[in-house]
1. What do you reckon, is residue 57 surrounded by 10 or more Cβ atoms within 10 Å (Cβ to Cβ), under 22 Å from residue 79 (Cβ atoms) and either touching a Lys or Arg at 6+ places or on another chain (Cβ under 9 Å) or at pLDDT 75 or above (or both)?
2. Consider residue 22 against the criteria (1) modelled with pLDDT of 85 or more; (2) hydroxyl-bearing (Ser, Thr, Tyr); (3) under 30 Å from residue 88 (Cα atoms); (4) out of contact with any helix residue (DSSP H, G or I) (no Cβ under 9 Å at 6 or more places or on another chain): it satisfies all of them except one. Which criterion is unmet?
3. Out of the residues in the stretch 60-83 that are crowded, with 17+ Cβ neighbours inside 10 Å and at pLDDT below 70, state the one that is farthest from the chain's Cα centre (by Cα).
4. When the stretch 30-54 is examined, which residues are found to be surrounded by 11 or more Cβ atoms within 10 Å (Cβ to Cβ) and at pLDDT 75 or above?
Amino acid sequence: MIKETDGVGDFIGSNGKPSPMSPKDQGKMLEAAERPEETFSEATAFKKGEKVKVTNGAFMNFEGEVDEIIADKEPSASITTIFGRPTPLELEYWQVEKL
């Protein structure tokens, strides 16, 4: 059944037959799945109008101003100037730092 699923080639090792996961690997996987996601309070990190610097990604080292905080997705929307024109960027909170 698994071999017939689109995008699945074959099992690795064990002559094409699946082998059970070790209890250690099972524990790691279950722990990661049950761990609560980090919660982020955008109100404490950034405020509209605040100057920020991009620290990660294609726009690294660009500076801009927080234009909007998108609470349900947790990124901050920032405006930066590229080639003399204001350019909106949608960035995650970990991709920017306060100036």
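The values are calculated or read from the model by the stated rules, or taken from the named source; none is laboratory data. Just so it is clear, the structure is predicted and the values come from calculations on it, not from any experiment. Ideal geometry is used to build each Cβ from the backbone, glycine not excepted, and the neighbour counts take in all protein chains shown.
1. yes
2. Evaluating residue 22 over (1) modelled with pLDDT of 85 or more; (2) hydroxyl-bearing (Ser, Thr, Tyr); (3) under 30 Å from residue 88 (Cα atoms); (4) out of contact with any helix residue (DSSP H, G or I) (no Cβ under 9 Å at 6 or more places or on another chain) leaves (3) as the failure.
3. Within the stretch 60-83, the match that is farthest from the chain's Cα centre (by Cα) is 78.
4. Let us first name the residues in the stretch 30-54 that are surrounded by 11 or more Cβ atoms within 10 Å (Cβ to Cβ), namely 40, 42, 45-48, 50-54.
Listed by number, the residues that qualify are 46, 47, 48, 50, 51, 52, 53, 54.
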